[in-house]
């Protein structure tokens with residue numbers, strides 16, 4: 001998906017503006033947030049066994065972290081996506097403009113992961 005966004009940036013005269021690409025990247029981030037919520041099961045995650053909830057939270061955090069890493073990697077390699085006839089344009093906007101909501105969501109997921117880790121740890125100590 002990020003590859004396609006970079007191709008759009010490099011080849012489209014309409015989407016090669018910060019305002020438009022920011023909106024597109026925000027929409028992708030919002031989609032990832034929504035998909036993560038669906039994967040976690042909304043409030044039903046609090047009714048799961050702590051071990052299962054911990055595994056789901058860990059997978060969700062790793063997946064969202066990977067998307068953020070892909071963003072940074074693509075941002076670094078943007079000049080590759082421009083045809084030789086065009087001068088490359090970098091994303092000179094602040095990532096905070098794209099990831100403000102996303103970062104807050106990931107921070108909450110990290111807190112949830114810590115909560116379930118502690119719950120599993122204390123359950124294990126109490127049982128043994």
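Details
- Residue in segment 74-94 that is in a helix (DSSP H, G or I), touching a helix residue (DSSP H, G or I) at 6+ places or on another chain (Cβ under 8 Å), touching a residue at least 40 places away in the same chain (Cβ under 8 Å) and under 19 Å from residue 117 (Cα atoms) present: no
- Some residue of segment 16-24 being closer than 14 Å to residue 116 by Cα and assigned to a loop (DSSP other than H, G, I, E, B): no
- Restricting segment 28-38 to residues that are over 14 Å from residue 4 (Cα atoms) and without any contact (Cβ under 8 Å) to a residue 40 or more places away in the chain, the residue that is farthest from the chain's Cα centre (by Cα): 38
- Residue match in segment 48-67 (condition: more than 23 Å from residue 117 (Cα to Cα) and touching a residue at least 24 places away in the same chain (Cβ under 8 Å)): yes
Conditions (1) surrounded by 13 or more Cβ atoms within 10 Å (Cβ to Cβ); (2) more than 28 Å from residue 109 (Cα to Cα); (3) at pLDDT 95 or above, marked per residue:
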residue	(1), (2), (3)
11	yes, yes, no
27	no, no, yes
63	yes, no, yes
84	no, yes, no
89	yes, yes, no
92	no, yes, no
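- Scoring residue 1 on the criteria (1) surrounded by 16 or more Cβ atoms within 10 Å (Cβ to Cβ); (2) modelled with pLDDT under 95 leaves a single failure, condition (1).
The values are calculated or read from the model by the stated rules, or taken from the named source; none is laboratory data. These numbers come from a predicted model, not from an experiment. Cβ atoms come from the backbone with ideal geometry, glycine included; neighbour counts cover every protein chain shown.
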